[in-house]
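The values are calculated or read from the model by the stated rules, or taken from the named source; none is laboratory data. Bear in mind the structure is a predicted one, so any value in this text is a computation, not a measurement. No Cβ is skipped: glycine too gets one built from the backbone with ideal geometry, and neighbour counts run over all protein chains shown.
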Amino acid sequence: MAQPMRKILVEFFYDTVSPYSYIAFQVINRCNKSWTNMDLKLKPAFLPAVMQQTNNAPPAMVPARGRYMSHDLLRMADFYKVPFKMPRNISDVMMNKGTISAQRLLTVVATEAPQYLEGLSREIFMRVWVRDEDVTMVESLKDACRAVGMGHEVDQLVGKMAHTDVKDELRRVTQEAIDYGSFGMPTFVAHLTNEPTMLFGSDRLFLLAYYLKQSWPCDVTEAKL
């Protein structure tokens, strides 16, 4: 009898405040349809805490890097056929408003309604990086939940965002990323052997494909969401 294929756990740490996390999220979930040996686990985390604990600085804090990023994101989105539109005030989105509430909601969903995690993560990403919509207000997050098919459970899940155990879980997952060596997001951790392999950035997906012995690129033409 043939042995069943061993699935390789790949943890994807992301924050919806990160445009590169958005692109990586779309692509890795696309790849997940054809990379049959990958066991993908979505891990919403809190990017500002990672940056603070590793003494990293956001790209926008370096003017030349910030200018480059605005062009680079458009190129990446075009290459991967991912819808993308820069928010009108990107510094306000990334530096002031942030996504702490959204990340806490995703933490609740990851724990209590994981069947919605991919869809809700995508919806929140799209609100920020395609439609320039709010993800800070409770009603906005409820709308996002309803958009992915949630019903009576919306109020209950959104209401748990401020619970101590949810905050603690988000901190735990964020620290887990840091312990793996993360200094930003997106971060991938592939459990190839007893020693996990950490990869940083949406531009390292080709290495993940190489380690998993899968084709690359994985159907970059798929633009439907």
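Where residues in the stretch 148-166 are touching a helix residue (DSSP H, G or I) at 6+ places or on another chain (Cβ under 7 Å) and assigned to a helix (DSSP H, G or I), which of them is nearest to Tyr210 (Cα to Cα)?
Per the stated criteria, the residue is Val166.
Cβ-Cβ under 9 Å, sequence separation 6+ or interchain: first residue in the stretch 179-203 and touching a residue at least 40 places away in the same chain (Cβ under 8 Å), partner among the acidic types (Asp, Glu) and surrounded by fewer than 18 Cβ atoms within 10 Å (Cβ to Cβ). Which pairs?
Correct list of pairs: Ser182/Glu176; Val189/Glu176; His191/Asp39.
Which number in (1) more than 30 Å from Pro59 (Cβ to Cβ); (2) part of a helix (DSSP H, G or I) marks the one condition that Ile178 misses?
All conditions pass for Ile178, except number (1).
Looking at the stretch 97-124 only, could you name the residues that are among the hydroxyl-bearing types (Ser, Thr, Tyr), under 15 Å from Met150 (Cα atoms) and either at pLDDT below 95 or touching a strand residue (DSSP E or B) at 6+ places or on another chain (Cβ under 7 Å) (or both)?
Ser121 - this is the single residue of the stretch 97-124 that is among the hydroxyl-bearing types (Ser, Thr, Tyr), under 15 Å from Met150 (Cα atoms) and either at pLDDT below 95 or touching a strand residue (DSSP E or B) at 6+ places or on another chain (Cβ under 7 Å) (or both).
Restricting attention to the stretch 151-168, does a residue exist that is under 18 Å from the mean Cα position of the chain (by Cα), exposed (fewer than 14 other Cβ atoms within 10 Å of the Cβ) and within 17 Å of Pro44 (Cβ to Cβ)?
no
Quick check on my filter: what residues within the stretch 1-27 are within 10 Å of the chain's Cα centre (by Cα) and either of a type in the set (D, E, K, R) or not in a loop (DSSP other than H, G, I, E, B) (or both)?
Let us first name the residues in the stretch 1-27 that are within 10 Å of the chain's Cα centre (by Cα), namely 12-26.
If the condition is that a residue be within 10 Å of the chain's Cα centre (by Cα) and either of a type in the set (D, E, K, R) or not in a loop (DSSP other than H, G, I, E, B) (or both), then Phe12, Phe13, Tyr14, Asp15, Pro19, Tyr20, Ser21, Tyr22, Ile23, Ala24, Phe25, Gln26 are the ones that fit.
Which one is modelled with the lowest pLDDT among residues in the stretch 40-69 that are exposed (fewer than 15 other Cβ atoms within 10 Å of the Cβ), part of a loop (DSSP other than H, G, I, E, B) and among the hydrophobic types (A, V, I, L, M, F, W, C)?
Checking each candidate, the answer is Val62.
Tell me which residues, restricted to the stretch 86-117, are of a type outside the set (Val, Ile, Thr), in a loop (DSSP other than H, G, I, E, B) and in contact (Cβ under 8 Å) with a residue 12 or more places away in the chain. Can you show your working first?
Pass one, the stretch 86-117, residues of a type outside the set (Val, Ile, Thr): 86-89, 91-92, 94-98, 101-106, 110, 112-117.
Cutting the leftovers down to in a loop (DSSP other than H, G, I, E, B) gives us 86-89, 98, 113.
Hits for the stretch 86-117 are Met86, Pro87, Arg88, Gly98, Ala113.
I'd like the full set of residues that are more than 13 Å from the chain's Cα centre (by Cα), without any contact (Cβ under 8 Å) to a residue 40 or more places away in the chain and within 22 Å of Ile90 (Cβ to Cβ), limited to the stretch 118-142.
Restricting attention to the stretch 118-142, the residues satisfying the condition of being more than 13 Å from the chain's Cα centre (by Cα) are 127, 130-142.
Pick out the ones that are also without any contact (Cβ under 8 Å) to a residue 40 or more places away in the chain and you get 127, 133-134, 136-140, 142.
Correct list: Arg127, Glu133, Asp134, Thr136, Met137, Ser140.
Out of everything in the stretch 70-85 that is touching a residue at least 40 places away in the same chain (Cβ under 8 Å) and assigned to a helix (DSSP H, G or I), what residue ends up being surrounded by the fewest Cβ atoms within 10 Å (Cβ to Cβ)?
My answer is Phe79.
Looking only at the stretch 199-211, decide whether some residue is assigned to a strand (DSSP E or B) and at pLDDT 95 or above.
Keep residues of the stretch 199-211 that are assigned to a strand (DSSP E or B), which gives 199-200.
Subsequent filtering for residues that are at pLDDT 95 or above retains 199-200.
Within the stretch 199-211, one or more residues are assigned to a strand (DSSP E or B) and at pLDDT 95 or above.
Take Arg127 and decide whether it is outside any helix (DSSP H, G or I) and at pLDDT 95 or above.
Answer is no for this residue.
Being surrounded by 16 or more Cβ atoms within 10 Å (Cβ to Cβ), among the β-branched types (Val, Ile, Thr) and either more than 15 Å from the chain's Cα centre (by Cα) or farther than 15 Å from Lys7 by Cα (or both) is the filter here, so list the residues in the stretch 179-199 that pass it.
Thr187, Thr197
When you look at Arg75, is it modelled with pLDDT of 95 or more, over 21 Å from Ser121 (Cα atoms) and of a type in the set (Lys, Arg), yes or no?
Working: modelled with pLDDT of 95 or more: yes; over 21 Å from Ser121 (Cα atoms): yes; of a type in the set (Lys, Arg): yes.
It is true that Arg75 is modelled with pLDDT of 95 or more, over 21 Å from Ser121 (Cα atoms) and of a type in the set (Lys, Arg).
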